[in-house]
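Notes follow once the structure below has been shown.
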Amino acid sequence: MSAGTRTPTDPAGRRVLSAALFASAPAEVLDFLLPLWAGSTLHAGAAAVGALIAFEAVLSLIVRPLAGELADRFDQRRVAAAGAGLYALSFAGYALADSLVVAFVAAGLGGAGGALFWVALRAWTGQRSQDGDGTSAYGKLLSAEGQGAFIGYLVAFSLLERGGYALLFWLGSAACVVATASLLRGPRAEGTRTAAAGRGDRLGAAGRRLLPLMVVSAVTAAAEAGLWMLLLLRLQGDLELSPNEIALVFAPGFVVFVLLPEHTHHLTDRLGRTPTMVVSFAASALFAAGLAVVSTPLAIAAFWTVAAACFAAQIPVEQATVAAASGGRIGRGMGLYESARLAGVVAGPLVMGVLYEELGWVAACVAAAATSVVGALVVPYAVRTLRLPEEKKKSGTPAPATTGAGPETVHVREDREDMDMSKPEPAQPSAETALGPKAHARKERRDWYIHTAAFALGQLVLWALDSSWLVWQITDGSVPDDQRGPLVWIGRIWLTIWVIDTIWSWSYTIWPREKKAKSS
């Protein structure tokens, strides 16, 4: 199978998803641990901690456009491997840091490494996607990131009190080394560099067309990040919840966000990219507005779970749309997209924090809801501006290549050459679309064996820490009050997920059915 027809289920794709899992585990946990570590270990004040976090974010923002250029000119997996290597050095720096100077160096390495790693990985996903618009491929990547975050938090909660911050940072560095090695395996993809270089700077026109979508992404990301920060403060301050109780509020939505992304493309295939994004922004508005009128943890958890499900559908289709509209310069397009969202994430908490202090909680929720409503109204125009070939619906006949009459039709024809990376390639058999009933059943069993091995290992670790809900239920019938905590709760949720996974995976053996080919 040629480089241009690989999917995230071939060996190279599996290595990429593995790298995403290993790197995202420590990276996600770092966002939670960095302020706590800097305050307790380095005795840094609030201003110094804020400066440290801002330095990493701003440097990552600056490096992202460069990362996109490198991803277009060189093998994207090698660029991502360089980013994972910088990640590893960053975590080693945190482990060794005894002053703020060393911590700032580590933060700078992490900011640059994150930019190289994630931009290149998303560019590779768009370049190699074989499902037409790439939504399924980006969904798998997002799911791998979520699984990594889940594992990272499990390890952090298990070892922080026993081994301290240094042990966690060294484990994070080791995980990033594994991600680097995974990405460096396999032959160098020379075809990617040659194809990208031959396109010159064609993203110029496509970049201008991407501007409305970038603005929508940045503004809505700012509102979401700001509201998320305020919600954490409200749960802790006004509702007086403990960290464990706060985790329970967000747990259902987090599980949904981990499990759904690689399946939501089925819905997107039928609705199309624009309706999917509109529904997601509408759900964000509902979530924000609902927070203004509800105050119980159960209601907040319900709103957040619905919003998480919509985010699981929105983010992959948004990334796939950017990849399709990048005129062949997917790395550069992803660099701009990542920069836009990161800029929103950096600015959002500051703006929303000021609004909250001046006008209160309800005003902040209303502002976030209004921002999402504006996003829902503007995104159809933003997508039309891209002038992508009209999508083919899964259950319908192929749609015409033009989207209207008159001047817009002329523009579609003129941009046909720039958009050649966004057009579905001729249907070709692949490992994912050629699975018959028996082969599909074997694949599901093989995946279940891997999931079960991970589950058993995790339960063994929890048992060693006296925190396995399953073991306590078998031996004592219940968990003692003095043993209840986040690890017991995590183990119980993991058991539920494993049972569901077992039923689903073995259903293909009991009731064989082929894996339906995805429409392009």
Spacing of the two label points (7 Å from each Cα toward its C-beta) at residue 55 and residue 370, in nm: 3.7 nm
Pairs of alpha carbons in the stretch 75-156 whose separation is greater than 21 Å (percent): 42 percent
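Highest mean first, what order results for 295-308, 271-284 on Cβ atoms within 10 Å?
Working: 295-308: 16.9, 271-284: 20.7.
By packing density, highest mean first, the sequence is 271-284, 295-308.
Suppose we look only past 19 Å in the calculated P(r) of the stretch 294-392. What percent of the Cα-Cα pairs does that tail hold?
Numbers: 2866 of 4851 pairs.
The calculated P(r) of the stretch 294-392 puts 59 percent of pairs beyond 19 Å.
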Ordering of 66-72, 496-502, 459-465, 251-257 by burial proxy (mean other Cβ atoms within 10 Å per residue, highest first): 66-72, 251-257, 459-465, 496-502
Gyration tensor (alpha-carbon) shape descriptor, the stretch 4-112, a/c threshold 1.5: prolate
Packing-based ranking, highest mean first, of 93-99, 320-326, 83-89 given that Cβ atoms within 10 Å are counted: 320-326, 83-89, 93-99
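Given a 1.4 Å probe, how much area per residue of the stretch 53-116 is accessible, in Å²?
On the way: 2260 Å² over 64 residues.
Spelled out: the 1.4 Å probe surface of the stretch 53-116, per residue, equals 35 Å².
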Fraction of the pair-distance distribution of the stretch 221-375 above 21 Å, Cα-Cα pairs, percent: 49 percent
Three-way shape label, the stretch 40-187, alpha-carbon gyration tensor, a/c 1.5: prolate
For the stretch 139-163 and the stretch 302-381, distance of Cα centres in Å: 24 Å
Inter-site label distance for residue 181 and residue 362 at 7 Å from Cα along Cβ, in nm: 5.8 nm
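With the Cα gyration tensor of the stretch 318-370 giving a ≥ b ≥ c as the square roots of its eigenvalues, does the rule (a/c under 1.5 for rounded; else a/b larger than b/c for prolate; else oblate) give rounded, prolate or oblate? Intermediate results must be reported in sequence, preceding the final value.
Details: a/c = 6.80, a/b = 2.87, b/c = 2.37.
Note, shape of the stretch 318-370 comes out prolate.
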Accessible surface of residue 263 - all protein chains present, 1.4 Å probe, nearest 10 Å²: 90 Å²
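Keeping the other protein chains in place, figure out the carbon and sulfur percent of the accessible area of the stretch 268-391, with a 1.4 Å probe.
Details: 3230 of 4430 Å².
The C+S portion of the solvent-accessible surface of the stretch 268-391 is 73 percent.
The values are calculated or read from the model by the stated rules, or taken from the named source; none is laboratory data. Bear in mind that the values here come from a model prediction, so they are computed numbers and not experimental data. Quick reminder, even Gly has a Cβ in these numbers, built from the backbone with ideal geometry, and neighbours come from all protein chains shown. Just the protein is used for accessible areas: all its heavy atoms, side chains included, with ligands, DNA and RNA removed. Shrake-Rupley method; radii C 1.70, N 1.55, O 1.52, S 1.80 Å.
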